[in-house]
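Before any comments, here is the structure.
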Amino acid sequence: MKKLLRLPVNRYVDYGLFLVLALFPLSGSLFYTQLIEKYLVFLIFAYSLDILWGYAGLMNLGHAVLFGLGGYVMALSLSARGGIPDFMANGGVTQMPGWLQVLSNPAAAVLAGILLPALLAGLLGRFLFYSRVGGVFFAVITLALAQVFNLFIQSQQTYTGGFNGIGGLPGLSLFGNELTLTQGYYFVFCVVVLAYVFCRCLMGSRFGLVLRGIRENETRLEFLGCDQARFKTAVFAVSGALAGLAGVLYAPVNGMIAPNDVGMEFSTAVIVWLAIGGRGNLTGAAVGAMLVNVLGNALSENFGVFWQLLLGAVIVAVVFFVPDGIVGALIRAARGRKAGKAVESRG
Amino acid sequence: MGDILVTEHLSVCFSGFWALHDVDFSVGEGELRVVIGPNGAGKTTLMDLITGRTKPSSGKIWFGGHDITGKSPHEIAAKYGIGRKFQGPNLFENMTAAENLELAAAGRGTVAGTFLRSAPKSAAEEADGVLRRIGLTGKRGLLACELSHGERQWLEIGMLMMQDPKLMILDEPTAGMTEEETRQTGEMIQNLLKGRTILVVEHDMKFVRQVAKTVTVLHMGRILAQGPLAAIENNPEVIRVYLKSEDKEAPKHAGP
């Protein structure tokens, strides 16, 4: 009990949020349960960027590429369950390609959907970080990558469904049994909690400490004997794997995937979630992802075409008034009060 | 004892300006050497070369019998064991004092080695011991940016203790300190010497007199003089370019 009381303030927010999310299906609204299930997937995606940007300070403007890679791998796998998918048949493919046959195995698809993004991120890291590309240059290169990937997906219509994406996908299933909406929701919820625990442990380890050191003062760390490029590459790969996992879940949960989900637009969206929620504590990523999406949905229902304008105003206000995000401001306030108490007791 | 650090004909040229010119410099194992000289003499450049921050234009650097010329900073720090405190505070500002110390020892090994939840017990105890030695036990939870200037300088020295290098390079460790803090720092450095070699760059002559036995004077990228403190203080050449202005507390710039 005492241990619980000593927790940093943002951990209460984490647990509170998980409690609300765990109870949400009891509300009985299938429509909103399905919507929140999609946002749960976004939480994993937000965590994956937080360990990269929030902890290590590496702003990836093309993070949706990693998400999309996992998503497309899973979507291809799902669409190939009943033979050659329509978009391929329309493109003149008459025989199932060998790689798609492999992917049509669900386990292989999940594995590929996680490992391919990790590999892509690791390779990028190998080339960028070891050649000392950092800061703004890293951001710009990843931005270009997002655009290239988006164009690639659109141009390979025969294999990716092109501009229309891949739709009509079956929902989540586990060991061959299709899950009901509520079952699917709790399955995704469990994966989110696992991802959260994984990130907490990793960032609480000395690895996380080194990442924060890289963010704070990379040069100093190097003179303390740290090969920062190796750590950056490692965290990029881990972040890629998590983003890929989010994509793998997204395809069946959303029922379709399209180029919009992999390009600049979605990459910017996740940046905005973290900017609003706060970075480098995991809580901010979750709060930001939930808040922006729920708010966006509510605004679009009530204000029609103006919703994006209103959401934009909220975003600008948050970034302007609380630059370290909602949770960042919360932690700062709590810390200020604690420090104040310490001074009082000393004086 | 033999020389642990040797430079041979070390030169570095920044777009036409020879910051260091043909410097043959050596430090004996277990020695505490102080490098002095007017601003722009090349003191910090020499430290940059030794720690791999700058690559030399020509010449060689030997450390403990290994050629470390042009190696990367992390390799020089981790593999060969050279630690450095920079001129001016250079900390992890938004991390606590204890975290700064832990970090000083955390990043050296492999990535996989850091996945463990926390540092080995001995490292945590070591951090506690270091906090005591630098007098910051009560402030372990404060962020580096919340510490006073003198405490920040000590925290840097503490990070070097955690790193536990064979050669410690201290670039102006007492800059901006009060007289009392400077004296305490001098004691701290003399305690550090056990089993180590220390290279100090300093301006404060009072401090130099407190800690130094052998002094090297750099001037305009060359070694002007080297020897016991007493001899240096009476060297007319050194007095002319450096000490004269120092003792008058006049602005510290080069030459007449």
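When the charge dipole of the range B:1-139 is built from unit charges on Cβ atoms (+1 for Lys and Arg, -1 for Asp and Glu) and taken about the Cα centre, the candidate among B:His74, B:Val6, B:Ile36 whose Cα reaches farthest toward its positive end is B:His74.
Given A:Lys38/A:Lys232; B:Lys55/B:Lys79; B:Lys79/B:Lys166; B:Lys139/B:Lys194, which pairs have Cα atoms separated by over 20 Å? In this structure, A:Lys38/A:Lys232; B:Lys139/B:Lys194 exceed 20 Å between Cα atoms. The trypsin sites (Lys or Arg not before Pro) found in the range A:1-101 that occupy coil by DSSP, while having at most 11 further C-beta atoms within 10 Å, are A:Arg6. Note on chain B: Cα-only Rg and Dmax are 18.5, 59 Å.
For the range A:134-174, the residues whose backbone nitrogen is under 14 Å from a point 7 Å from the Cα of A:Thr268, taken along Cα to Cβ, are A:143-144, A:146-147. In the protein assembly as shown, if the dipole is taken from +1 on Lys/Arg beta carbons and -1 on Asp/Glu beta carbons about the Cα centre, which of A:Ala317, B:Met177, B:Ala230 is farthest to the positive end? Ranked along the dipole, the leading option is B:Met177.
Counts of other chain beta carbons within 10 angstrom of each beta carbon in peptide B:51-60 average 1. Sparse packing (at most 10 other Cβ atoms within 10 Å of the Cβ) combined with a DSSP loop state is found for none of the trypsin sites (Lys or Arg not before Pro) in the range A:208-275. Counting only other chain Cβ atoms within 10 Å of each residue's Cβ, the peptide B:87-100 averages 3. Computed over the Cα atoms of the range A:63-154, the ratio of the radius of gyration to the Kirkwood radius (Rg/Rh) comes to 1.07. The helix-based estimate of mean residue ellipticity at 222 nm for chain A, built from -39,500 (n - 2.57) per DSSP H run of four or more residues and divided by its residue count, is -24500 deg cm²/dmol to the nearest 500. A protection proxy built from the mean count of other Cβ atoms within 10 Å ranks the segments A:311-319, B:81-89, most packed first, as B:81-89, A:311-319. Distance between the pseudo-spin-label points of B:Phe14 and A:Ala22 (7 Å out from Cα toward the beta carbon): 5.9 nm. For A:Leu123 and A:Arg200, a Förster radius of 25 Å and the Cβ-Cβ distance give a FRET efficiency of 0.35, rounded to the nearest 0.05. Taking every full run of DSSP H in chain A, the ones that stretch at least 18 Å from end to end by Cα along their long axis and average -1.0 or higher on the Kyte-Doolittle scale are A:9-23, A:30-49, A:63-79, A:106-130, A:135-155, A:181-204, A:228-254, A:264-277, A:283-303, A:307-321, A:325-346. The residues A:Met96, B:Met47, when put in order of fewest to most other Cβ atoms within 10 Å, stand as A:Met96, B:Met47. Judged by the ratio a/c of the largest to the smallest principal axis of the C-alpha gyration tensor, the range B:82-164 counts as prolate, that ratio being 1.5 or greater while a/b is larger than b/c.
Projecting label points 7 angstrom from Cα along Cα→Cβ for A:Arg6 and A:Thr158 puts them 6.4 nm apart. Across peptide A:210-219, the mean count of Cβ atoms from other chains lying within 10 Å of each residue's own Cβ comes to 5.
Fraction of C-alpha pairs exceeding 26 angstrom in the range A:8-346: 50 percent, rounded to a whole number. A:Val253: net charge of surrounding residues, Cβ under 15 Å, Lys/Arg +1, Asp/Glu -1, itself excluded? Residues near A:Val253 contribute -2 overall. With Rh defined as the Kirkwood radius, the inverse of the mean 1/r over Cα pairs, the Rg/Rh of the protein assembly as shown is 1.07.
With K and R counted +1 and D and E -1, the other residues having a Cβ less than 14 Å from that of A:Arg215 yield a net charge of -3. Entry note, chain A: relative contact order of 32 percent, from Cα contacts under 8 Å with a spacing of 6+ residues. Against the empirical curve 2.2 N^0.38 Å, the C-alpha radius of gyration of the range A:49-106 lands at a ratio of 1.57. The chymotrypsin sites (Phe, Trp or Tyr not before Pro) found in the range B:113-219 that occupy coil by DSSP, while having at most 16 further C-beta atoms within 10 Å, are B:Phe115. Shape class for the range A:165-315: oblate, because the ratio a/c of the largest to smallest gyration tensor axis (alpha-carbon atoms, square roots of eigenvalues) is 1.5 or more and b/c is at least a/b.
Every number here is computed from the coordinates shown, using simple stated rules; none is lab data. Every value quoted in this text rests on a predicted model; they were computed, and no experiment measured them. Neighbour counts are summed over all protein chains in view; Cβ atoms, including those assigned to glycine, are modelled from backbone coordinates with ideal geometry.
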